[in-house]
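**Student:** Input: one structure, supplied below.
The values are calculated or read from the model by the stated rules, or taken from the named source; none is laboratory data. Every value quoted in this text rests on a predicted model; they were computed, and no experiment measured them. Glycine gets a Cβ as well: all are built from the backbone with ideal geometry, and neighbour counts include every protein chain shown.
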């Protein structure tokens, strides 16, 4: 699944945690520039169960959970070891 509009702070781990409610999530990968290691602003997710793929598309499409403002707050919370 393509996942776009990711802030530069989004890592594979944050993307994985964001979609971890879907039990068959296999992999979350943020695409990065090979020279600078900066995020290109998008990533990909893979699921074992096609039903989780469809459910994630329906539930997460258009959500702002991966926008830069949210991610900055999420990173701050992770640094404080607070689970939302």
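**Student:** Taking region 8-23 as the region of interest, how many residues are closer than 18 Å to residue 61 by Cβ and part of a loop (DSSP other than H, G, I, E, B)?
**Tutor:** Of the residues in that region, 5 qualify.
**Student:** Across region 52-72, which residue is modelled with the lowest pLDDT among those that are in a helix (DSSP H, G or I) and loosely packed, with under 11 Cβ neighbours inside 10 Å?
**Tutor:** Only one residue fits best here, namely 69.
**Student:** So is residue 45 surrounded by 14 or more Cβ atoms within 10 Å (Cβ to Cβ) and part of a strand (DSSP E or B) or not?
**Tutor:** When the stated conditions are applied, residue 45 passes them.
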